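Q: Got a structure for you, written out below as structure tokens; questions coming shortly.
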Amino acid sequence: MIKRSLLLSLLLVTGGVHAQDQAAPDLAKAKQTAETLCVGCHGADGNSPIPVNPKLAGQHSDYLFKQLKNFKGWNGKPAERENPIMGGMVAALEEADMKALAIHFSSQTLQPDSAKNPDLAKLGQNIWRAGLPTKGVPACAGCHGPAGAGLPAQFPRIAGQYADYTEAQLKAFRDGVRKNDPAQMMQTIALKMTDPEMKAVADYAAGLR
């Protein structure tokens, strides 16, 4: 009976230690990865110096983790989000690396972009708050929040994001280049929007705080 109790205790302790090891993200390694692999396009702190590349600082870690996973093909299956550059970048990363990297960038302070065109931003504000009812386009705020804060895992924070990047992603959804959105929601929405409407929403979102 005593031996059995000791064995059970040992198994519980070993299992607990293993679980802790599995759960603990290696943030030091993630920081090093950010400063070497990611820095050129996104900046070491996730504040990309180039408007065509997204700002990752302050983004939800769950969402970042999902995107990193989607860029890589798993178990012989193609990547859910096809991008030759990002595909190459994540090729050597395992899930634990991606999770730690996502936490690293989410913990950084965003240096937000700003709206550039008052007229565009006004149109963008209307679409953000009320959508385009005659086209069946819902308000952006419904999923991304009134202030663009988003919802972890599913809907990204868009507030302060580069307008160029946001506009490019809307067009990618419309053109079928990007297809990793939940239930094809963004693909359906983007198909109903014109280029000027996309540009307006992107410009307005860049100025949200």
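Q: Heavy-atom accessible area per residue, segment 34-139, 1.4 Å probe: how many Å²?
A: Details: 5690 Å² over 106 residues.
Counting only protein heavy atoms, the per-residue value for segment 34-139 is 54 Å².
Q: To continue, here is another question. What aspartates and glutamates sit close enough to LYS135 to cross-link, taking a C-alpha to C-alpha distance under 17 Å and skipping anything fewer than 8 places away on the same chain?
A: ASP195, GLU197
Q: If r is the Cβ-Cβ distance from VAL52 to THR134 and R0 is 25 Å, what FRET efficiency results, to the nearest 0.05? Provide the component values of the computation, followed by the final result.
A: On the way: r = 32 Å, r/R0 = 1.27.
For R0 = 25 Å, the calculated efficiency reads 0.20.
Q: For the chain, what does the helix formula give at 222 nm: sum of -39500 (n - 2.57) over DSSP H segments with n ≥ 4, over the residue count, nearest 500 deg cm²/dmol? Can you show the working numbers first?
A: Details: 11 runs with 110 residues, N = 209.
Value at 222 nm, helices only, nearest 500: -15500 deg cm²/dmol.
Q: Residue separation times 0.36 nm, minus the C-alpha to C-alpha distance between VAL177 and VAL39: what's the value?
A: On the way: separation 138, 0.36 × 138 = 49.68 nm, distance 2.50 nm.
Length gained, VAL177 through VAL39: 47.2 nm.
Q: What percent do you get for the relative contact order of segment 85-209 when only Cα pairs under 8 Å and 6+ apart count?
A: Numbers: 161 pairs, mean separation 41.1, N = 125.
Once normalised by length, the contact order is 33 percent.
Q: Throw me the Rg/Rh for segment 129-209, computed over C-alpha atoms with Kirkwood Rh, two decimals. Mind showing how you got there, number by number?
A: Values: Rg = 11.5 Å, Rh = 12.5 Å.
That ratio equals 0.92.
Q: Once neighbouring chains are kept in place and the probe is 1.4 Å, which whole percent of the accessible area of the chain is contributed by carbon and sulfur?
A: Result for the chain: 61 percent of the exposed heavy-atom area is carbon or sulfur.
Q: What do you get for Rg/Rh of segment 32-153 when both radii come from the Cα atoms and Rh is the Kirkwood radius? Could you put the intermediate results ahead of the total?
A: On the way: Rg = 16.6 Å, Rh = 16.1 Å.
My calculation of the ratio gives 1.03.
Q: A further question on this structure: Give me the percent of Cα-Cα pairs in the chain that sit more than 31 Å apart, rounded to a whole number. If you can, show how the numbers build up before the last one.
A: Working: 5978 of 21736 pairs.
The proportion of pairs with Cα distances above 31 Å equals 28 percent.
Q: Summing Lys, Arg as +1 and Asp, Glu as -1, what charge do residues with Cβ under 11 Å from the Cβ of PRO196 carry, PRO196 excluded?
A: On the way: positive: LYS199; negative: ASP119, GLU167, ASP195, GLU197, ASP203.
That sum, taken over residues with Cβ under 11 Å, equals -4.
Q: Next question. Where in the chain are the DSSP H helices whose C-alpha atoms run 27 Å or more along the long axis and whose mean Kyte hydropathy is at least -1.0? Show your work: numbers first, answer last.
A: On the way: long enough: 2-23 (31 Å, 0.64).
Those that pass (Cα extent of 27 Å or more, hydropathy at least -1.0) are 2-23.
Q: Also, quick follow-up: Fully extended, how many nm does the chain gain between ASP119 and TRP74 (0.36 nm per residue separation, minus their Cα-Cα distance)? Walk me through the intermediate numbers first.
A: Working: separation 45, 0.36 × 45 = 16.20 nm, distance 4.47 nm.
So the extension gain works out to 11.7 nm.
Q: If you don't mind, another one. Would you kindly state how much longer the chain becomes between ARG209 and ALA147 on full extension, computed as 0.36 nm times their sequence separation minus their alpha carbon distance, in nm to one decimal? Don't skip to the answer; put the middle values down first.
A: Numbers: separation 62, 0.36 × 62 = 22.32 nm, distance 0.60 nm.
Roughly 21.7 nm would be gained on extension.
Q: If you don't mind, another one. Quick one: among ALA28, ALA96, ALA149, which has the greatest mean-square fluctuation in a GNM of the chain with alpha-carbon springs under 10 angstrom?
A: ALA28
Q: While we're here: Expressed as a rounded percentage, what relative contact order does the chain have, with Cα pairs under 8 Å and six or more residues apart? Spell out each step's value before the answer.
A: Details: 324 pairs, mean separation 45.6, N = 209.
That works out to 22 percent.
The values are calculated or read from the model by the stated rules, or taken from the named source; none is laboratory data. Every value quoted in this text rests on a predicted model; they were computed, and no experiment measured them. Note: ideal-geometry Cβ built from the backbone for every residue, glycine included; neighbour counts use all protein chains shown. The accessibility values were calculated without ligands, DNA or RNA, using every heavy atom of the protein model including side chains. Shrake-Rupley method; radii C 1.70, N 1.55, O 1.52, S 1.80 Å.
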